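A.B. asks: I am attaching a structure below and will ask some questions about it afterwards.
The values are calculated or read from the model by the stated rules, or taken from the named source; none is laboratory data. Keep in mind that what you see is a predicted model, and the values were worked out from it rather than measured. Note that we place each Cβ from the backbone using ideal geometry, even for glycine, and neighbour counts take in every protein chain shown.
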Amino acid sequence: MDIVLGTLILIALTFIPALELRFSIPVGILATSLHLPFFGQVQGFSMPWWYVFIVCVLANIFLAFIFYHFLHFIVHGFLVKHWGWFARFYQKRVEKAQKKIHKHVERWGWLGLALFIAVPLPGSGVYTGGVAGYALGFSFKRFMYASIIGVVIAGIVVTLVTLGVVNVIEFF
């Protein structure tokens, strides 16, 4: 496969909600085909691990940047401006959630969000972390710190697990 096309596909796979780099890194590194429910058969690209790591981590960090601004636009630029009832509803829910977990946010701050983003399981990651960070009132700067740290940790874990699987397969 052409390196440019492979890179573009890796970036597109990284942008899929709930999968992100937890999916794109194994697809980029592995040479075998993977059968995935709802997606069918996906052929691995067999690219160098370090290249896949860099592309997928940078794409996931860029996704965090885009997603935070997208949330801000949707919530404040559209919903709050055009639907007054939504503004009241949103403000009540956000304040209630912030009070409920205030002590945890104060204790762990952006590091807690980074660890949540880093958990290499579907359902965690930049999308869910972005919604949580935005609802908790994280500034863009704090959210990006959390995202960068979380994405790098997740990328390292997924890459190491994928390389371990490759080594086990090659051993047998």
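A.B. asks: Being in contact with a helix residue (DSSP H, G or I) (Cβ under 9 Å, 6 or more places away or on another chain) and modelled with pLDDT of 70 or more: is that true of Phe70 here?
C.D. replies: For Phe70, the condition - in contact with a helix residue (DSSP H, G or I) (Cβ under 9 Å, 6 or more places away or on another chain) and modelled with pLDDT of 70 or more - is met.
A.B. asks: Read through the list (1) surrounded by 14 or more Cβ atoms within 10 Å (Cβ to Cβ); (2) at pLDDT 90 or above, then give the number of the only condition that Lys141 fails.
C.D. replies: Lys141 satisfies all of (1) surrounded by 14 or more Cβ atoms within 10 Å (Cβ to Cβ); (2) at pLDDT 90 or above except (1).
A.B. asks: Modelled with pLDDT of 70 or more and touching a strand residue (DSSP E or B) at 6+ places or on another chain (Cβ under 9 Å): is that true of Phe116 in this structure?
C.D. replies: Answer is yes for this residue.
A.B. asks: Here's another thing I want to ask about it. When only residues in segment 32-56 that are among the β-branched types (Val, Ile, Thr) and at pLDDT below 95 count, which is farthest from Ile148 (Cα to Cα)?
C.D. replies: Thr32
A.B. asks: Being buried (at least 20 other Cβ atoms within 10 Å of the Cβ) and either among the aliphatic types (A, V, I, L, M) or part of a loop (DSSP other than H, G, I, E, B) (or both) is the filter here; which residues of segment 48-60 pass it?
C.D. replies: Val52, Val55, Val57, Ala59
A.B. asks: Can you find even one residue in segment 11-31 that is at pLDDT below 85, at positive phi and either buried (at least 16 other Cβ atoms within 10 Å of the Cβ) or touching a strand residue (DSSP E or B) at 6+ places or on another chain (Cβ under 6 Å) (or both)?
C.D. replies: yes
A.B. asks: Related question: Of the residues Gly164, Gly155, Gly137, Gly133, only one is closer than 20 Å to His69 by Cα and assigned to a helix (DSSP H, G or I); which? Spell out the reasoning first.
C.D. replies: Details: Gly164 fails: closer than 20 Å to His69 by Cα; Gly155 fails: closer than 20 Å to His69 by Cα; Gly137 fails: assigned to a helix (DSSP H, G or I).
On inspection, the qualifying residue turns out to be Gly133.
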